[in-house]
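Engineer: Sharing a structure here in structure tokens format.
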Amino acid sequence: MEKNCIICNVLFATKPEYTNHKYCMKCSSSRCQVCKKEIKIKPKSKNVAKFCSRDCYYKSMVGKKQKLEDVKKRAKSNSGRRTGKEIICEICGKKKYYYPKVFKEGKGRFCSKECFFKWTRTSDNPNWKGDNYPENKRLRQSSKYKNWRRLVFERDNFSCVICGYKSKGVRPSDIHADHIKSWALYPEERFNLDNGRTLCVPCHKKTDTWGINAKFHIKNNYY
């Protein structure tokens, strides 16, 4: 199939399925008017590029006086770009701007992930079934407890303070961070670094606060 190039009007051969091709091989590339860099033109492109980048375009406009019609045309095309809206976070009341894509995905009610997670723990969440999650388990899995446990291990050099056994791993399972004062009886001392000590598993099992011993220890302290 042969077609006429829209620039030089020379016949060039192309495949029948490429009906949108408009340029011959010679006219399929041009030079940037600023840096003279070669620009490849797509065969089906409507306009020939004059600049290789926006930087070169802005350099070409330095010192030139723009026509009023072009300024109005560009201002009209740019109007309405900020089509999103500013929301007020339902948790903390902070203002944040979101683009329309966020609202299409069903989001845009909170300013951050922290506020979203706080909302999931309230009755406003349709999937919330009450606060059935045990407080003790929540605290044990919190970042505050994990940080306390890590600091205890680092202070004791990952070694048992009774027998001197040293752990072999970076995330040890063969040593425990034990509370000197009971977790249940002294809630104010739960995250106190001085109330923690590193024990190996055999030494921890011998303490009053391990397993079934903890129940008798608490009972004796209460009665």
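The values are calculated or read from the model by the stated rules, or taken from the named source; none is laboratory data. This is a predicted model, so every value here is computed, not measured. Neighbour counts run over all protein chains shown; Cβ positions are idealised from the backbone, glycine included.
Engineer: May I ask you to list the residues in the range 152-169 that are touching a Lys or Arg at 6+ places or on another chain (Cβ under 9 Å) and part of a loop (DSSP other than H, G, I, E, B)?
Structural biologist: If the condition is that a residue be touching a Lys or Arg at 6+ places or on another chain (Cβ under 9 Å) and part of a loop (DSSP other than H, G, I, E, B), then Asp156, Asn157, Phe158, Cys160, Val161, Ile162 are the ones that fit.
Engineer: Among the residues of the range 88-110, what is the count of those that are hydrophobic (A, V, I, L, M, F, W, C) and touching a residue at least 24 places away in the same chain (Cβ under 8 Å)?
Structural biologist: 2
Engineer: On to the next question. Take the residues in the range 166-176 that are surrounded by 13 or more Cβ atoms within 10 Å (Cβ to Cβ) and over 10 Å from Val201 (Cα atoms), then tell me which one is modelled with the lowest pLDDT.
Structural biologist: That would be Pro172.
Engineer: Of everything in the range 179-201, what is more than 20 Å from Arg138 (Cα to Cα) and either touching a residue at least 24 places away in the same chain (Cβ under 8 Å) or small (Gly, Ala, Ser) (or both)? Give them in sequence order.
Structural biologist: Scanning the range 179-201 gives Arg197, Thr198, Leu199, Cys200, Val201.
Engineer: Pairs, please: C-beta under 6 Å, at least 6 apart or cross-chain, first residue closer than 20 Å to Arg140 by Cβ and in the range 152-178, second among the small types (Gly, Ala, Ser) and in a loop (DSSP other than H, G, I, E, B)?
Structural biologist: Asp174/Ser167; Ile175/Ser167
Engineer: Applying the selection to the range 177-213, what residues are loosely packed, with under 13 Cβ neighbours inside 10 Å and among the acidic types (Asp, Glu)?
Structural biologist: Glu188, Asp194, Asp208, listed by residue number.
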